[in-house]
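J.: Take a look at the following structure, please.
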Amino acid sequence: MSKARVDLTVVVFLLSLPSGVFAQAPANPITQTLRGAWTEAKANIRKSADVMPEAKYGFKPVETVRSFGAILAHVAGASYEFCAAAKNEKTPYAEDAFEKSAKTKAEIVKALDGAIAYCDDIYKTLDDAKAVEVTNGAFGGGKRPRMVSLFGNTGHFVEHYGNIVTYLRINGLVPPSSAPQQ
């Protein structure tokens, strides 16, 4: 085979490969991963708030656990703690603030929406360099990289979504992550 033919064969082969083969690694892979997990976790929690009827916000499978509404209120309050730590600022609300004050579906959803918006600010503006900057940490946990607080917040959403799925299913409702996608 001539050198020209080999070169042409290599060029044709390379041109036939999917363009993704030559793509660089994504910019900011840590924060892209974190942002993707946050987007999914907050959507599942927020959609669950809509799925459960207001009359069932007081539902508890047993007396020793939080009600559906109290879980959402707890998640909202804790989110302020986690995200304030990531922002390296004082939290505007204590972890239990909404469990104590928000009692109706409208009040709980408003608190949840506020917490999600507060957290969205840091998730949206974060890059990998900022993610590893040391802040004061969540819940008085000492100095740690900002991403630790954000992974903690996202994990907390996922943890409580597990509770919420059970509460929805016990009440004959389909959780958002199992619902048909539109």
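The values are calculated or read from the model by the stated rules, or taken from the named source; none is laboratory data. What you are looking at is a predicted structure, and each value in this text was computed from that prediction instead of being measured. Neighbour counts run over all protein chains shown; Cβ positions are idealised from the backbone, glycine included. Calculation scope for accessible area: heavy atoms of the full protein, side chains included, ligands and nucleic acids excluded. Shrake-Rupley method; radii C 1.70, N 1.55, O 1.52, S 1.80 Å.
J.: Provide the net charge surrounding R146, with neighbours chosen by a C-beta distance below 10 Å and charges set as Lys +1, Arg +1, Asp -1, Glu -1.
T.: Working: positive: K87, K130, R144; negative: E133.
Result for the local shell: +2.
J.: Just by accessible area at a 1.4 angstrom probe, what is the order of R66, R169 from largest to smallest?
T.: On the way: R66 90, R169 125 Å².
In descending accessible area the options line up as R169, R66.
J.: Leaving ligands, DNA and RNA out of it, work out the accessible area of D96 with a 1.4 Å probe and give it in Å² to the nearest 10.
T.: The accessible area of D96 comes to roughly 60 Å².
J.: Once both labels are modelled 7 Å past Cα along the beta-carbon direction, what's the D128-Q32 spacing in nm?
T.: For D128 paired with Q32, the spin-label model returns 1.0 nm.
J.: Given an 8 Å cut-off on Cα distances and at least 6 residues of separation, report the relative contact order of region 126-179 as a percent.
T.: The value is 19 percent.
J.: With a 1.4 Å probe and every protein chain left in place, tell me how much accessible area F151 has, in Å² to the nearest 10.
T.: For F151, solvent-accessible area is about 100 Å².
J.: If the limit is 20 Å between Cα atoms, which of K42/K105; K42/K90; K47/K100; K90/K130; K87/K110 go over it?
T.: K42/K90; K47/K100; K87/K110
J.: Between V62 and N171, with labels modelled 7 Å along Cα→Cβ, what's the label distance in nm to one decimal, could you check?
T.: Each label point lies 7 Å from its Cα, and together they span 2.0 nm.
J.: Give me Rg over Rh for region 27-177, both radii from the alpha carbons and Rh done the Kirkwood way, two decimal places.
T.: Result for region 27-177 is an Rg/Rh of 0.99.
J.: Sorting check: for 102-109, 73-80, 124-131, 38-45, which peptide has the highest mean count of neighbouring beta carbons within 10 Å, and how do the rest follow?
T.: Most protected by this proxy first, the peptides run 73-80, 38-45, 102-109, 124-131.
J.: What are the ³J(HN,Hα) values, in whole Hz, obtained from phi via the Karplus relation 6.51 cos²θ - 1.76 cosθ + 1.60 with θ = phi - 60°, for each residue of region 166-180 in sequence order, with x given for Gly and Pro?
T.: 3J(HN,Hα) across region 166-180, in whole Hz: 4, 4, 5, 5, 4, 8, x, 10, 8, x, x, 6, 9, 6, x.
J.: Next up: Quick query: amide H of T135 versus all other amide H atoms, modeled in the peptide plane; which residues come in under 5 Å with a sequence gap of 5 or more or a different chain?
T.: Counting only residues 5 or more places away or on other chains, the set is R144, R146.
J.: Ordered by residue, what ³J(HN,Hα) values in Hz, to whole numbers, does region 146-162 give under the Karplus form 6.51 cos²θ - 1.76 cosθ + 1.60, where θ = phi - 60° and Gly and Pro are x?
T.: Calculated HN-Hα couplings, in order: 3, 5, 5, 5, 6, 5, x, 5, 4, x, 5, 4, 5, 4, 6, 5, x Hz.
J.: Moving on to the next point. Quick one: net charge of L112's neighbours, Cβ under 13 Å, K/R +1, D/E -1?
T.: Working: positive: K42, R46, K47, K105, K110; negative: D50, E99, E107, D113, D120.
Surrounding charge for L112 is 0.
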